[in-house]
Each structure stands twice: as C-alpha cells, then as structure tokens.
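Written out below as structure tokens is the structure these notes cover.
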Amino acid sequence: MDRKARKRIGAAIAGLLVVWYLFCLPKDLFKGTSYSTVVTDRNGELLGARISSDGQWRFPPCDTVPEKFRKSIIEFEDRWFSFHPGVNPVSVVRAAAGNIRAGSIKSGGSTITMQVIRMSRGRERTFRQKIIEAILATRLELRCSKKRILALYASHAPFGGNVVGLEAASWRYFGRPPGELSWGESATLAVLPNSPSDIHLGKNRERLLQKRNRLLQRLHDKGTIDDLELELALGEPLPSEPTVLPQYAWSITELNKKSNPGKRTRTTIDLGIQKQVESVADRWSGELSRTGADDLAVVVEDIRTGEIIAYVGNARRNVPRPGSDVDIARAPRSTGSILKPFLYCSLLQEGTMLPHTLLPDVPVNISGFTPQNFDRQFSGAVKASEALSRSLNVPAVHMLKREGVPAFLDILRRCGMSTLPRSADDYGLSLILGGAEGSLLDMTTIYAKMSAAYQRTGRKDMGGWMKDFPLTDKCALWWTFDALKEVNRPDEIDFHLISSVRKIAWKTGTSYGFRDAWAVGVNSEYAVGVWVGNAMGQGAPGITGARTAGPVMFDIFNLLPLSGRTTAYSKNGWFLEPAPSDGITAEVCHESGCLAGPSCDRVETILLPSAALKSEPCPYHRTIGGERVFILPPSMEWYYRQHHPEYSTVIPEGSKEYDLMEFIYPESGASLYIPRQLDGTVKGVTFNLAHRDPSQTVFWHLDNEYAGKTQFIHQLRLNPPVGKHTVTVVDEDGSSLSIGFTILENKL
C-alpha cells in the first residue's frame, strides 16, 4: 500500500472518528427515566408529589441549582469543574496512582461531567467504561453549558434509599425546597452522592457528619462562608428521618398523576389561601360528620382571571372512610335548586319576565309532575325576585315553562355545564329542581362567569374563559345578584345595617333525599362553591344547603383577602350599579312587577334589561266603572290573601271580567295516578277549588253524576276509574266550571 493510500485510509478513519464523536452522545441522556409527578402552586411552591413508576422519589429535572449547593458540590466533588473540558487530567493521574498502590479501584477521578455520563448509562465501573465516560464527558461539555451540566447532576444524583435528585432529597430530608436550605443542609446533601448509603438511619451517621464538617471547613478556608456561618452550620444536626411531603390540594395532585404522570405541573392554586381553605373545610367537615355528612368539597375562583385559587376535592382525607378518595368537586351530583339563578337571569335578559313579576305559587300538576316548595306551603303569588331568594320550587317551574326546557338546557350547556348528556324531554321540568346533575367545579365557574360578565359587559376582553357565555346583559345580571344577596345568611348578620360586612350573592341547593347540600356565592372578586354530603350517595336529614354548606361558604369568604385591585367597587367587594346606558328605564307596577298599564295606581321607574319592553303589561289591574281594582285569579287569590291581609277581593258590582272559580288541583288536562294507601286500599284523589266567595255552596259532579257539595273549604275526594273524566262544579248563583283529566293505571 503506497503512501497516498495510507493517507486516504487515515483520513477516512479520522473522519469516521470525528463523525462518531459528534454523534456519540444521545440527544436525551436520561431517556426512559421515570420521574415523580410534581404539582406546584402558582408561585412554584410544592403542593404535592407522587412517587415515580420505578418506586423512586425522583423529581423532574430543574434548570437551576441553588448557590449554596452549587458551591458545596463543586468544592467537594470537582473543584476544577468550571475550567476543565469534562476530564481533569490531574485528578485522573492522582486516582490512577492511588488505585495502583491499593491494588484495586479506590478512586475514579471522575469529574461532575463524567458522573453525569455514568448516571445516564448505568454501566459497571471498569477501566473501559471510564475511558468511554471520559470521551462522552468531553462531548457533553461541547453541547451543554456548565450550568446545565450541574443541573443534570443535581437532578439525577442518588441521595440514599429511593431518593434521587437534589429537589427530592431536600424535601424528603429537610421538608423544604433546595433554595431554602442552610449551609449545613446543603453541605450534607453535597457529600451524600459520594456515599449515599451513609444516610440510612442508624448507619454510619458519624462518618457522614465528619464528611459534612470537613466540607464546611474547606468552604470556610476558601472564604465562601464566614466564621459565624461556619459555627452555625457545624451545630446543625443531621436529619433524623425522612419527612412526609406536602399534601395540599390532594385531589389535583391525584388528577395530574393520572393525566400528566411524571411531569411537573404549575397550577393556579394560591398555597397560602389553599392552606386556610383546607383548614376551614377540615374543621367544618369534622363537625358536620356528626349530622351524617362525611364529605365536603370546596372550590374558590378568582373572578378577574377565572383561575382556581383553592380546591378541596374532599376534606379530611386523613380520616379513613368509604369515599374519602373521591374527588367530589368534579363528581356529577343532583343540583337541587342551584340552577335557579341562571333561569331567572335568562328570562330577564330575554325580556320574558321582569325582576319583580308576580308568579303563581299554587299547587300544580303537569302531566303527573307535582312540584312542592321545601316547606310544603304556597304563597299564591310571589315576586320573581322573592321566589329566587326564597328558592321556591313552584314559581321556578312556572319560570321554566316560560323559558322552555330545550332553550334552558342549551343555555346551561353554553354556560359550561359538562354533565348534561340527556335530551330536554328526558329532563323535563324537573331540570330546575335537581333533575339534572352538575359538578361543584362547573357550578362555581358559572357563578364566577356571571360576575365576570357583569364587570366586562361592553368591553372587548370577553374571550378566553368567557367565550360564548350566554348571560351577558348587565341589568339582568345586576337584578340576579340583587335578589341573591337577599338570601337569609346563616350568620344572621344584616348587611343592610353594617356597611363593612361583605355583600355576597349566594344560592343554596338541597337534592331529593337530602343527599347533596350546595352553597355557591359570588361578589366582584371571588366565587366560592361548597358541597356537603356523602360521596357514597346516602342521604341524611340534617343535610341542607342553608344549614350545612352555607356557613362553610361564608367562613371561606371571610378569610379571602380583598384585592384592592380597583377603586371602582366598594370596600366590601359588591358591584357598582349599572349605568342608564346599560339598559332602559321603564315604569313598573308596584304590585304586579309587570310593565305598568293605564289602570296601575302605584308605579315605579326602574332600570331594566334592554329587551324588557317585550314583556306583558300588568294583567291584574283593571278600571271598572271608574274604579281601579287589583284582582288575582281565584287559585292565586285563595293562597295570596292568607299572607296578605291588605288584599281586597271586592269586585265592582256587575263586573263580568273575572272568573269566580278556578281549580287549584288538578289542572285541566292533567294525567293522574290514584295512590294506594299503606294497607293497599285506594281512597281517591282530592280535588281543590278556589272560589272568590268561600261561603258559597259549591255542587260537584263527576261525569254528570252528582258527587257532593262543599262550603268554605272547597275540597272533595273523588275515586274515578282508569280513563278520561270530567268534573263540573256549580255554585249557588249558577256559575259553573269544568275540567277534563285522565286517570292512569297504577301498577304499583
């Protein structure tokens, strides 16, 4: 082989070596390494962590190394780290000489860079591997900065037992993040990777202490720490046992373990507020458990950003019980009355109803659906705002009939309810009374969106988390909040008399069977949602929204800081009243709450939503013979006058404009089941009639057959067979009224 050929072969070999050298280092040194799931708050403070899939506490790598640990580890492991190209020839020669004298490998002379390579490869420590590590170390130095290399070392160095990496070691041994470690603690961790087995409790602790103290002395001799710092560091004890990692917002950490395993997730939680909320939730949950409610969840949102700043999926996780691991805040639960404000606001926004419109509050049967108020009483007629603040069920059903179930279902979905898979026909009118399921997280977010919408209406920043939110009319939102602030507070404080007390627009809900108790409140800064009940679904008589969830909600509102981020709102965080340009000004009848008609004698001028002029004028005032009268339909009147002694039922003589009688129950066209008694007998259905003159004798006929007569209290029990029937009533003056109904077969 001639000289030129040898040169070409040499050049080819050299080229291959250069190419090999350039590509010898894997792009991801620690590919395939499993990490712990780490969850932090908005400021990077640790909320919780879950062990990695290989059983190691190994936090995801960080890009920075605290200064105290950096100086300690460089002084102890590799004093020339900042200057060598990955390999320190002096250290290699010194280590080789020592190994030859000892007859075995006692020291490898490895730099920090070489140790990073060894940890990433996981190979046995042999001379051959040392050479490979040295080559790869020089390549790593060309790829990464010294800062990055040190961060890789700190993230993957062993620290004893199943603890890997500086951050995991700092939390496991000292219960603090690495940036808060003292000189003594930093020095302790700096010497551990050199001999991590020394940290085992009761094993070689004196040796570990000596190593740490020698390092501290060297740091002092170099001027890194002064005399006082040295004295304090030498006096620090070694950790006695591993500490328990923080477990705040436990449910969020569990969620990330499933959805984002092995990653570091920064949440919007505020750790300071989270700790206080968890303390309140645990205390109240302990008290409420005596009433049969073992579980409690809380969600707190910042109105300005829509961010969750505190989250308790289930309180008292340290108390073993069925369902303690369930994240109730995300679980679908029966909504009770918690949806009523959305319906009220929607009707106002559409102009279908005004804030104080009188609504029927009388017994009703709609295709077998017979809603009842919580107290089993009826008011006859009640203002819409009062019906909302008192959470009356019957007026709410009438409101939903006005809106229509399909339309309201669409609004709920657009608001952000993610738990409505069924059709409008399946839900029916029970949708407004707990016939649907919702999560506490969704409910709190929707209330927060209502507050944000009120404050942002007319601005261009309605995107993001507020995108497509349907309830945006400022006047409608204002009247909704105004009604909700009148809900009786559990602390019995009258905010009308104490200006410093925070005004809260809030709503409670209690599901059928006392299984779910809700309280969700909002002001201009925060939304707070609380759920109380049992994760396993059993009910308890003491579980009601006002009695159990309400006090918890107000306690949490009281601990939330007033941000002071704007002077546009009062000191207690309440909303500014809408401006005239936000709606229309109209005259409203004081008694009916409807748009004032020509016969209304008491009129108020108020600001209403822009669509309000589409609503009906007052139907209850008439001028007859020059006299203005206010008269309700007989069924409403019968209950209304029991609560309003000032109400007069005098009808001007000769008037034919008003019905004298009206069936309270059932409605015309109703379908009825005749219930069986406990002994199996069937006693029939009680029909209820309202007559403007109760003293009149009323004669009853079932299918043209005389059935009986009533006076004063016009109620009669009838037992018609299955099929279609007609009941006709006739009073002494010959006035008559008929209704048709259907009796369905009761197969029970």
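The values are calculated or read from the model by the stated rules, or taken from the named source; none is laboratory data. This structure is a prediction, so every number in the text was calculated from the model and none was measured. A quick note on method: Cβ atoms are made from the backbone with ideal geometry, for glycine too, and the neighbour counts reach across all protein chains shown. SASA here: full protein model, heavy atoms, side chains in, ligands and nucleic acids out. Shrake-Rupley method; radii C 1.70, N 1.55, O 1.52, S 1.80 Å.
Annotations for the structure displayed:
- Antiparallel content of DSSP bridges confined to the chain, in %, to 5: 90 percent
- Segment 210-276: radius of gyration over Cα atoms, expressed as a fraction of 2.2 N^0.38 Å: 1.82
- Between segment 4-61 and segment 616-649, the alpha-carbon center distance in angstrom: 83 Å
- Full extension of the chain between S34 and L744 gives 249.2 nm of extra length, using 0.36 nm per residue less the Cα-Cα distance.
- Size-normalised alpha-carbon gyration radius of segment 586-636, reference 2.2 N^0.38 Å: 1.18
- Neighbours of M636, meaning other residues whose beta-carbon lies under 10 angstrom from its beta-carbon, give a summed charge of -2 when Lys and Arg score +1 and Asp and Glu score -1.
- Residues of segment 508-542 with amide N under 17 Å of a point placed 7 Å along Cα→Cβ from M466: 522-527
- FRET efficiency for the pair F369 and R42, taken as 1/(1 + (r/R0)^6) with r the Cβ-Cβ distance and R0 = 56 Å, rounds to 0.75.
- Solvent-accessible area, 1.4 Å probe, carbon plus sulfur percent, for the chain: 52 percent
- Length-normalised contact order of the chain in % [C-alpha pairs under 8 Å, at least 6 apart]: 10 percent
- Distance violations [Cα-Cα > 21 Å] among K68/K130; K683/K724; K449/K507; K7/K130; K146/K263; K68/K203: K68/K130; K7/K130; K146/K263; K68/K203
- Peptides ranked, highest mean first, by Cβ atoms within 10 Å: ranges 235-248, 409-422, 302-315, 270-283: 302-315, 270-283, 409-422, 235-248
- Area of W183 that stays accessible when all protein chains are in place (1.4 Å probe, Å², to 10): 30 Å²
- Theoretical FRET efficiency, 1/(1+(r/R0)^6), r = Cβ-Cβ of R218 and D54, R0 35 Å, to 0.05: 0.50
- Extension gain, R266 to R717: 0.36 nm times the residue separation minus the Cα-Cα distance gives 155.8 nm.
- When peptides 354-361, 533-540 are ranked by their average number of other Cβ atoms within 10 Å per residue, the highest-first order is 354-361, 533-540.
- Karplus-derived 3J(HN,Hα) values for segment 681-698, using 6.51 cos²θ - 1.76 cosθ + 1.60 with θ = phi - 60°, are 7, 10, 10, x, 10, 8, 8, 10, 10, 10, 10, 4, 10, x, 6, 5, 7, 10 Hz; glycine and proline are entered as x.
- Per residue of the chain, the DSSP helices (runs of n ≥ 4 H) give a summed -39500 (n - 2.57) that works out to -10000 deg cm²/dmol at 222 nm.
- Taken along the Cα-to-beta-carbon direction at a fixed 7 Å, the label points for D325 and K614 span 5.2 nm.
- For the pair R205 and V244, the difference between a 0.36 nm per residue extended length and the Cα-Cα distance amounts to 11.9 nm.
- When only the Cβ of Lys, Arg, Asp and Glu is charged (+1, +1, -1, -1), the dipole of the chain relative to its Cα centre reaches about 6300 debye.
- Of (1) 49.0; (2) 50.9; (3) 36.0, the label for mean projected area of the Cα convex hull in nm² derived from the coordinates: (2)
- Around the amide H of Y526, modelled in the peptide plane, lie the amide H atoms of I303, all under 5 Å away and 5 or more residues distant in sequence or on another chain.
- Candidate aspartates and glutamates for bridging to K258, where Cα separation is under 20 Å - those fewer than 8 sequence places away on the same chain excluded: D41, D54, D325, D327
- Partner aspartates and glutamates whose Cα lies under 12 Å from the Cα of K147, excluding those fewer than 8 positions away in the same chain, are identified as D63, E67.
- Here the Debye sum runs over all C-alpha atoms of segment 131-257 as equal scatterers in vacuum, and log10 of I(q)/I(0) at q = 0.17, 0.18, 0.22 Å⁻¹ comes out as -0.99, -1.06, -1.27.
- Of the peptides 433-443, 219-229, the ranking by mean beta-carbon count within 10 Å, highest at the top, reads 433-443, 219-229.
- The label point for D426 and the one for L562, both projected 7 Å from the Cα toward the Cβ, are 4.7 nm apart.
- Under 23 Å from the Cα of K257 - lysines, other chains or at least 8 residues apart: K31, K275
- Taking only the alpha carbons of segment 301-445, we obtain Rg and Dmax values of 17.0, 52 Å in that order.
- Shown is the FRET efficiency for R317 and K275, computed with R0 = 22 Å from the Cβ-Cβ distance and rounded to the nearest 0.05: 0.95.
- With both labels modelled 7 Å from their Cα along Cα-to-Cβ, the E705 to Q377 distance reads 4.0 nm.
- Unmatched cysteines, the chain - criterion: no other Cβ of a Cys under 4.7 angstrom: C24, C62, C144, C345, C415, C475
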